Amino acid sequence: MKFGIVTFPGSNCDYDAYRAVVDSLGEAAVYLWHKNHDLQGSDVVILPGGFSYGDYLRAGAIARFSPVMHEVAEHARRGGPVLGICNGFQIACEAGLLPGALLRNESLRFVSAPIAVRVENANTLFTSGYADGQRIVLPIAHGDGRFTADDATLDEIEGSGRIVFRYVDDAGEATAAGNPNGSSRNIAGIINDGGNVIGMMPHPERALDRLLGSDDGLALFESMLARVAA
């Protein structure tokens, strides 16, 4: 299986994603430069974290016009898996691959910390290795992570099971105390209605080894591998 990892000017987690695929999964990965129109036969596309184009205008707003995003959108339209992490989530929303938007953190401060999230839907190609309601710990590092949408959109994604991850407190409850950025309904990650595009602010690619604090992100990559390879 082949993973394509898009590199924009300002990306800084593309290498982390590459090492996650190659070292932890033992699968092939290639870097996809933002100006290219070729996904190089990638089965899965990863939009990594970072600060594409310096977050000018707003996070992800310029990156969504990069030439490669046309190919990413076509890949998604055909049902190909797309994983957007942090800045990649922002880009996916700006490109219309996912609903809503990511706004400045409610605190107006950059937040970098290990954060507890609850798996809300384990019946996706990205989360089948988890259990519904499972509490996991993943790192976050963002200043614009507050997921926001109108009430109708929030009701729709909630009712259709498209909220995949939710921020929770130490007791596993979705409280204000457990919400690091003020996201609507404590949303940490969502999926599209086709089930093949996911966006999440926490970094699973940085949680693959207990020596680094958590290996709770490994199941996400293993889930993709199992489902897509099958």
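Answer yes or no as to whether L25 is out of contact with any Pro (no Cβ under 8 Å at 6 or more places or on another chain) and surrounded by fewer than 19 Cβ atoms within 10 Å (Cβ to Cβ).
Answer is yes for this residue.
Please enumerate the residues belonging to the stretch 164-195 that are touching a residue at least 24 places away in the same chain (Cβ under 8 Å) and either of a type in the set (V, I, T) or in a strand (DSSP E or B) (or both).
Within the stretch 164-195, V164, F165, R166, Y167, V168, I187, A188, G189, I190, I191 meet the criteria.
Looking at the stretch 104-113, can you tell me whether even one residue there is on the phi < 0 side of the Ramachandran plot and buried (at least 23 other Cβ atoms within 10 Å of the Cβ)?
Within the stretch 104-113 (the criterion being on the phi < 0 side of the Ramachandran plot and buried (at least 23 other Cβ atoms within 10 Å of the Cβ)), the answer is no, since none of the residues qualifies.
Which strands (runs of 3 or more DSSP E) sit wholly inside the stretch 94-154 and have at least 3 residues that are of a type outside the set (V, I, T)?
101-103, 111-119, 135-142
Can you tell me which residue within the stretch 135-150, out of those that are within 29 Å of S52 (Cα to Cα) and charged (D, E, K, R), is surrounded by the fewest Cβ atoms within 10 Å (Cβ to Cβ)?
D150
Mind checking which residues of the stretch 54-88 are buried (at least 18 other Cβ atoms within 10 Å of the Cβ) and either among the acidic types (D, E) or in contact with a His (Cβ under 9 Å, 6 or more places away or on another chain) (or both)?
D55, A59, A63, S66, V68, M69, E71, P81, V82, I85, C86, N87
Tell me, which residue of the stretch 1-40 that is within 15 Å of the chain's Cα centre (by Cα) and of a type in the set (D, E) is farthest from L218 (Cα to Cα)?
Checked the stretch 1-40; the qualifying residue farthest from L218 (Cα to Cα) is D14.
Looking only at the stretch 196-213, count how many residues are surrounded by fewer than 18 Cβ atoms within 10 Å (Cβ to Cβ) and not in a helix (DSSP H, G or I).
Selection size over the stretch 196-213: 2.
Residues are listed down the side, and each one gets a yes or a no for (1) more than 29 Å from R19 (Cα to Cα); (2) among the hydrophobic types (A, V, I, L, M, F, W, C); (3) modelled with pLDDT under 95; (4) touching a strand residue (DSSP E or B) at 6+ places or on another chain (Cβ under 7 Å):
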position	(1), (2), (3), (4)
I163	no, yes, no, yes
T175	yes, no, no, no
G182	yes, no, no, yes
I187	no, yes, no, yes
V197	no, yes, no, yes
P202	no, no, no, yes
A207	no, yes, no, yes
R210	no, no, yes, no
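The values are calculated or read from the model by the stated rules, or taken from the named source; none is laboratory data. Quick caveat, the model's predicted, so the values are computed rather than measured. Don't worry about glycine lacking a Cβ; one is built from the backbone with ideal geometry, like all the others, and counts go over all protein chains shown.
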